[in-house]
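Colleague: This is the structure I want to talk about, given as structure tokens.
Nothing in this text is a laboratory measurement; each read-out follows from the coordinates by a stated rule. The model shown is predicted, which means the values in this text are computed figures rather than measured ones. Cβ coordinates were reconstructed from backbone atoms using ideal geometry, including for glycine residues, and neighbour counts include every protein chain displayed.
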Amino acid sequence: MIAAVHALTGAALSRLCRTHGQALVVGAVSHVVADALPHRDLGVPEEALLLGAALGAIGIMRGGGSKEFAGAMGAALPDLENLMVRALKLPESRLLLPTHRDYHGRKTRGFGGQIALAAVCLAALTLP
Ligand SMILES: [Zn+2]
């Protein structure tokens, strides 16, 4: 799953949480679930650009110290291992998260599902 979509999903789900800690955990759990869904991934530069934009938008909308931002970080941080493996050109067998290795969702050709999920999450973030 695109890291920016992970961040938006974690931020949206954190609206259901009472604390920053809960938001962080819910975000991390949502990462595993989302990675198991069929999706298409991007290259590292595109991932970094979109993740920066998503985190910036969440920070502007809800604040950098908000539980929504904590949820976004919890959801996006597991992809650091993807970045490290790609940047260091390590074998994918070095990945720790099961959904980054054995239980990764089927690869799709398009981004429709992720765009729809991102739109729903953005809408949830605009609710009071
Ligand atoms: Zn991932």
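Colleague: Round to the nearest 0.05 the FRET efficiency obtained for Val29 and Glu92 when R0 = 35 Å and r is the Cβ-Cβ distance.
Modeller: Efficiency computed from Cβ-Cβ geometry: 0.95.
Colleague: Follow-up. In debye to the nearest 20, how big a dipole does segment 46-93 give about its Cα centre with +1 on each Lys and Arg Cβ and -1 on each Asp and Glu Cβ?
Modeller: The calculated dipole for segment 46-93 is roughly 160 debye.
Colleague: Over segment 3-126, what relative contact order in percent results from Cα pairs under 8 Å that are six or more residues apart?
Modeller: With pairs under 8 Å counted, the relative contact order is 40 percent.
Colleague: What is the dipole size for segment 3-126, taken about its Cα centre, with +1 at each Lys and Arg Cβ and -1 at each Asp and Glu Cβ, in debye to the nearest 20? All intermediate terms of the calculation are to be shown ahead of the outcome.
Modeller: Numbers: 12 positive and 9 negative charges, 28 e Å.
The calculation lands at about 140 debye.
Colleague: Continuing with this model, one more query. What 222 nm value per residue comes from the helices of the chain, counting each DSSP H run with n ≥ 4 as -39,500 (n - 2.57) and dividing by all residues, nearest 500 deg cm²/dmol?
Modeller: That comes out to -20000 deg cm²/dmol.
Colleague: Of Val85, Ala53, Gln22, which is farthest towards the positive pole of segment 1-111's charge dipole, taken about the Cα centre with +1 and -1 on the beta-carbons of Lys, Arg and Asp, Glu respectively?
Modeller: Gln22
Colleague: Right, here's the next one. For the Cα atoms of the chain, what angle does the longest principal axis make with the long axis of helix 112-126, in degrees from 0 to 90, nearest 10?
Modeller: The answer is roughly 20 degrees.
Colleague: Mind giving me the nanometre distance, one decimal, between the label points for Leu16 and Lys107, set 7 Å out from Cα along Cα→Cβ?
Modeller: With each label placed 7 Å out from Cα toward Cβ, I get 3.2 nm.
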